[in-house]
Amino acid sequence: MSHKRPYRGVYPVAPTIFHADGTLDLDGQRRCLDFMIDAGSHGICILANFSEQFVLSDEERDQVTEASLKHVAGRVPVIVTTTHFATSVCAERSRRAQDLGAAMVMVMPPYHGATFRVPEEAVTSFFQKLSDAISIPIMIQDAPVAGTPLPAAYLAKLAREVENVSYFKIETQGAATKLRTLIELGGDAIEGPWDGEEAITLMPDLDAGATGAMTGGGYPDGIRQILDPFVAGDRPAAMRAYERWLPLINYENRQCGIASAKILMREGGVIKSDAMRHPLALPHPAAQAGLIELARERDAMVLRWGK
């Protein structure tokens, strides 16, 4: 099933589900995706950093991609993260994702570790070669972890000059200001200016013109309660919802992080195990309890979906 562009709305990141022994749990992955769709996700992103993509082998990435796209079966658009330092590997990952039915790929600029970077002209060439290899949109993930400066003017230039570069997930400091500048400089070439970082700056980013939100996967229903009234023109209702959900958003962002969605999904019976893959580990039990408490106070669907 094809979906109408531009893609807008709530596109949370799906965690990668493991058995308690650290092996892939593809049945759990399917239940995770079903929950996220039932909870109101307009689309889903897989294999992002919040999916623990960096602990997966290439073979496991293929398994997760194939299982996820087959199971979602066009119900919502799926974004596949295909980041890799090597242009050829990123292009091949992206072609494979496209062939399997991905609606978009999300990619960070080339980086490795704390200091391996490439200059701006190489970043431009990287995205041009990636665009030449596929026909679906490319979302540039502007994340601090990459350590590569991506000024708004440069991102707007990429959008104007590289055919398939048209979506941007902005999760750097001062995201709202950067989104405004990007939209002003890029004009119609900016098909999707999106918010990130678990929606902790969602209201300022919506005010700045963001049309999508890529959040954690634990409570898409809560993010919808913010975004839907805003899109409908009821900013006061959106702000009230933002104020209601912000303590949980903040707790995810600052306390439980990458494990948050799996902790909530395990508590609600969506998945059997919230295991992280070593050397990652779950946060302290008290931190987990605090996350669950905040989700329960807000009647998050995740805590009752599987029961």
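The values are calculated or read from the model by the stated rules, or taken from the named source; none is laboratory data. A quick note: this is a predicted structure, and the numbers were derived from the prediction, not measured. Cβ placement follows ideal geometry from the backbone for every residue including glycine, while neighbour counts extend to all protein chains displayed. Note: accessible area is taken over every heavy atom of the protein model, side chains too, but ligands, DNA and RNA are not part of it. Shrake-Rupley method; radii C 1.70, N 1.55, O 1.52, S 1.80 Å.
The protection proxy used here, the mean number of other Cβ atoms lying within 10 Å of each residue, ranks peptides 9-15, 301-307, 217-223 as follows, highest first: 217-223, 9-15, 301-307. Computed extension gain for GLU59 through HIS278, at 0.36 nm per residue and net of the alpha carbon distance, reaches 77.1 nm.
Mind putting a number on the dipole of segment 196-307 about its Cα centre? Charges go on the C-beta only, +1 for Lys and Arg and -1 for Asp and Glu, and I need it in Debye to the nearest 20. Display every interim value, and only then the final one.
Details: 13 positive and 14 negative charges, 91 e Å.
With only Lys, Arg, Asp and Glu charged at Cβ, the dipole is about 440 debye.
Distance between the 7 Å Cα→Cβ label points at PHE85 and ASN250: 3.8 nm.
Return the subset of LYS70/LYS262; LYS178/LYS272; LYS4/LYS178; LYS4/LYS272; LYS4/LYS157 for which the Cα-Cα distance in this structure is over 30 Å, preserving the input order. All intermediate terms of the calculation are to be shown ahead of the outcome.
On the way: LYS70/LYS262 22 Å; LYS178/LYS272 40 Å; LYS4/LYS178 26 Å; LYS4/LYS272 35 Å; LYS4/LYS157 25 Å.
Too far apart for the 30 Å limit: LYS178/LYS272; LYS4/LYS272.
If a/c stays under 1.5 just call it rounded; otherwise compare a/b with b/c (prolate if a/b is bigger, oblate if not). Do that for segment 66-179, with a ≥ b ≥ c from the square roots of the Cα gyration tensor eigenvalues.
Details: a/c = 1.69, a/b = 1.48, b/c = 1.14.
In terms of gyration-tensor shape, prolate.
Excluding ligands, DNA and RNA, the accessible surface per residue across segment 76-192 is 41 Å² with a 1.4 Å probe. When +1 charges are put on Lys and Arg Cβ atoms and -1 charges on Asp and Glu Cβ atoms, the dipole computed for segment 60-119 relative to its Cα centre reaches about 120 debye.
Computed from the C-beta positions of ALA73 and ALA20 and an R0 of 41 Å, the FRET efficiency is 0.90 to the nearest 0.05. The gain in end-to-end length when the GLU163 to ALA114 segment is fully stretched comes to 14.6 nm, 0.36 nm per residue minus the alpha carbon separation.
Quick check: at a probe of 1.4 Å, how many percent of the accessible area of the chain sits on carbon and sulfur atoms?
On the way: 6520 of 12620 Å².
About 52 percent, which is the carbon plus sulfur part of the accessible surface.
In this simple spin-label approximation, GLU92 and ASP38 carry label points 7 Å from Cα along the Cα→Cβ vector, and these lie 3.9 nm apart.
Charges only on Cβ, +1 for Lys and Arg, -1 for Asp and Glu: so what's the dipole of the chain about the Cα centre, in debye to the nearest 20?
Working: 31 positive and 38 negative charges, 73 e Å.
For the chain, the charge dipole is close to 360 debye.
Oblate is the label for the chain, because the ratio a/c of its alpha-carbon gyration tensor axes (a ≥ b ≥ c) is 1.5 or higher and a/b is not greater than b/c. Relative contact order for segment 101-159: what percent, with Cα pairs under 8 Å and sequence separation of 6 or more? Rounded, it is 48 percent for segment 101-159.
Apply the Kirkwood formula to segment 1-78: the hydrodynamic radius equals the inverse of the mean of 1/r over all pairs of different alpha-carbon atoms; give it in Å with one decimal.
On the way: mean 1/r = 0.0779 Å⁻¹.
Kirkwood hydrodynamic radius for segment 1-78: 12.8 Å.
Counting 0.36 nm for each residue step from GLU297 to ASP234 and taking away their Cα separation leaves a gain of 20.3 nm.
Calculated mean residue ellipticity, 222 nm, the chain: -13500 deg cm²/dmol, from DSSP H runs (n ≥ 4) at -39500 (n - 2.57) each, averaged per residue and rounded to 500.
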